[in-house]
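Asker: This structure is in structure tokens; I'll ask about it shortly.
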Amino acid sequence: MNLRIPGPTPCPPDVLAAMGRQMINHRGPEFASVLNKVKGRLKTVFQTRGDVLIFTSSGSGAMEAAVVNTMSPGDRILAVCNGYFGERFADMAEAFGGQVRRLRFPWGAPANPQDIRTALEEDRSIKIILLTHNETSTGITNDLQTIGALSHQFGKLLLVDAVSSLGAIPLFTDDWHCDVVVTGSQKSWMVPPGLAMVGVSEQAWKAVGQAKTPRYYWDFRSMKSFHEKGQTPFTPAVSVFFALEVALERMIAEGLPNVMARHARVARYTRQNIRSLGLELLAPEECASNTVTSIRLPTGVGAKDLLRLMEEKHKIVLAGGQGELDGHIFRIGHLGYVDEKDIDGVINALRTALPELGYTVSGR
Ligand SMILES: *Cc1c(COP(=O)(O)O)cnc(C)c1O
């Protein structure tokens, strides 16, 4: 089965093999050495001199951690929403008592930094900005560099959902003034689900000390102090750590700029080939994601029918739409362990599957 959804993503054989290792004591020296190595490599990929904390959880768990560690009930929050995951981040802040203003953009359009500036000027009491770097539900990458500069200029705390971008799409935690940056092992990292990695800036640490939201499992302070002795407060997903160690070796060996360039190249290749079938892309080219491509479903073609046919006949698993885009688009994930050959497989399968569902693909 060729898994082409935006996470979990396929894992290289050596990463999978690492998962088969015997268990070790998570309070012993062997684990400490794995943790330290992984942490060091992660700082390189996060492009930060600050802390990177590793939680045993999915990406959403770490998003919740970002919120509960920096926000107090009643704090004013600006949630930038242009898709399903932006709404989720906003929901979380609201669940913990934040006064959330959702600055919404159409699903399929990028967040406009000018509108964010206006919102910050209108309400000086905003403390925290929530931003999805790469909106997986629409296949759009927001302009994090510009928004980070704005957040810095206005003295806000910027919490970034980088679950489907970090490790594949350039993100400079320190230089772009990101305060908390969250990602998950099952996306660009070529690792099974189970670990979430969180970058924490100096400014964020100040907020952590002041935030009044109750927290226990997610407490950044206890995670940091345990990391300093090569441990985690609670039993970690040891096997996923083994996998992440190997995957990070691969990324460093390929070279980070090469990893980013490969994702850009494969994404461009995907869009070109989709257009050559006569299909229409959801995202404008300037902000099209390098990790996931959203394609409008041609009239008359049902999402479920297409996904079922692709899976049963061609052994390719694609993703449908989420939220308001359910039934209107389908998505191809191309992040992590991916190259052009994987995309060729998808395009060739679409070329035979679509006509079976009544859509005539355009000739080359
Ligand atoms: C996948 C994803 C998440 C959720 O991650 P889980 O590991 O499923 O909790 C959050 N945000 C974005 C942008 C994602 O792509």
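Asker: Given +1 on the Cβ of Lys and Arg, -1 on the Cβ of Asp and Glu, and no further charges, what dipole in debye does the stretch 201-247 carry about its Cα centre, rounded to the nearest 20?
Answerer: 260
Asker: Now a separate question. If you average the alpha carbon positions of the stretch 30-76 and of the stretch 280-317, how far apart do those two centres end up, in angstrom?
Answerer: Distance between centres, Cα-based: 32 Å.
Asker: A further question on this structure: Can you put GLU135, GLU312 in order of accessible area, largest first, using a 1.4 Å probe?
Answerer: GLU312, GLU135
Asker: Sequence neighbours fewer than 8 away in the same chain don't count; with that in mind, list the aspartates and glutamates whose C-alpha is under 19 Å from LYS304.
Answerer: GLU280, GLU312, GLU324, ASP326, GLU356
Asker: While we're here: With springs only between Cα atoms under 10 Å, which of ARG124, ARG331, ARG296 fluctuates most in a Gaussian network model of the chain?
Answerer: Highest fluctuation of the listed residues: ARG124.
Asker: Taking the full set of protein chains and a 1.4 angstrom probe, give the accessible area of MET1 in square angstrom, rounded to the nearest 10.
Answerer: Per-residue accessible area (MET1): approximately 140 Å².
Asker: Here is a further query. Rounded to the nearest 500, what is the 222 nm mean residue ellipticity of the chain from helices alone, with -39500 (n - 2.57) per DSSP H run of 4+ residues and division by all residues?
Answerer: After summing the helix terms and dividing by residue count, I get -13500 deg cm²/dmol.
Asker: Next up: May I ask what percent, to the nearest 5, of DSSP beta bridges between residues of the stretch 1-146 are antiparallel?
Answerer: Of the beta bridges lying entirely in the stretch 1-146, close to 15 percent run antiparallel.
Asker: Right, another one. Using only the heavy atoms of the protein chains and a 1.4 Å probe, how would CYS81, CYS11 rank by accessible area, largest first?
Answerer: CYS11, CYS81
Asker: Which whole number of Å³ per residue matches the convex hull of the alpha-carbon atoms in the stretch 25-155?
Answerer: Taking only Cα atoms, the stretch 25-155 has a hull volume of 126 Å³ per residue.
Asker: Need one number: convex hull volume per residue for the stretch 76-144, Cα atoms only, in Å³.
Answerer: Once divided by residue count, the hull of the stretch 76-144 is 68 Å³.
Asker: Where only protein heavy atoms count, and the probe is 1.4 Å, what is the accessible area per residue for the stretch 296-364 in Å²?
Answerer: 49
Asker: Heavy-atom accessible area of HIS227 with all protein chains present, probe 1.4 Å, nearest 10 Å²?
Answerer: 10
Asker: For a quick check, take a GNM of the chain with Cα springs below 10 Å and name the residue from THR173, THR213, THR56 with the largest mean-square fluctuation.
Answerer: Highest fluctuation among the options: THR213.
Asker: I want to verify the translational diffusion coefficient of the chain in µm²/s; compute it with Stokes-Einstein, Rh as the Kirkwood radius over Cα pairs, at 10 °C and 1.306 mPa s.
Answerer: Calculated translational D: 76 µm²/s.
Asker: Give the percent of DSSP beta bridges with both residues in the chain that are antiparallel, rounded to the nearest 5.
Answerer: Looking only at bridges with both residues in the chain, the antiparallel portion is about 50 percent.
Asker: Also, quick follow-up: Treating the beta-carbon of each Lys and Arg as +1 and of each Asp and Glu as -1, no other charges, what is the dipole magnitude of the stretch 5-50 about its Cα centre, to the nearest 20 debye?
Answerer: With only Lys, Arg, Asp and Glu charged at Cβ, the dipole is about 280 debye.
Asker: OK, next. Please report the carbon-and-sulfur percent of the accessible area for the stretch 224-364; probe 1.4 Å, protein heavy atoms only, DNA, RNA and ligands left out.
Answerer: Of all accessible area on the stretch 224-364, carbon and sulfur atoms account for 50 percent.
Asker: Something else: Take each complete run of DSSP H in the chain, measure how far its Cα atoms stretch along the helix's own axis, and keep only those covering 24 Å or more with mean Kyte-Doolittle hydropathy at least 1.0; list them.
Answerer: 238-254
Asker: Given a 1.4 Å probe and every protein chain left where it sits, what share in percent of the accessible area of the stretch 12-168 is carbon and sulfur?
Answerer: It is 50 percent, rounded to a whole number.
Asker: Something else now. Can you tell me, using C-alpha contacts under 8 Å and at least 6 residues apart, the relative contact order of the chain as a whole percent?
Answerer: So the answer I get is 24 percent.
The values are calculated or read from the model by the stated rules, or taken from the named source; none is laboratory data. Just so we're clear, the structure is a prediction, and the values are computed from it rather than from any experiment. Because the Cβ atoms are built from the backbone with ideal geometry, glycine has one as well, and the counts that use them run over all protein chains shown. Areas reflect the complete protein model, heavy atoms only, side chains present, ligands, DNA and RNA absent. Shrake-Rupley method; radii C 1.70, N 1.55, O 1.52, S 1.80 Å.
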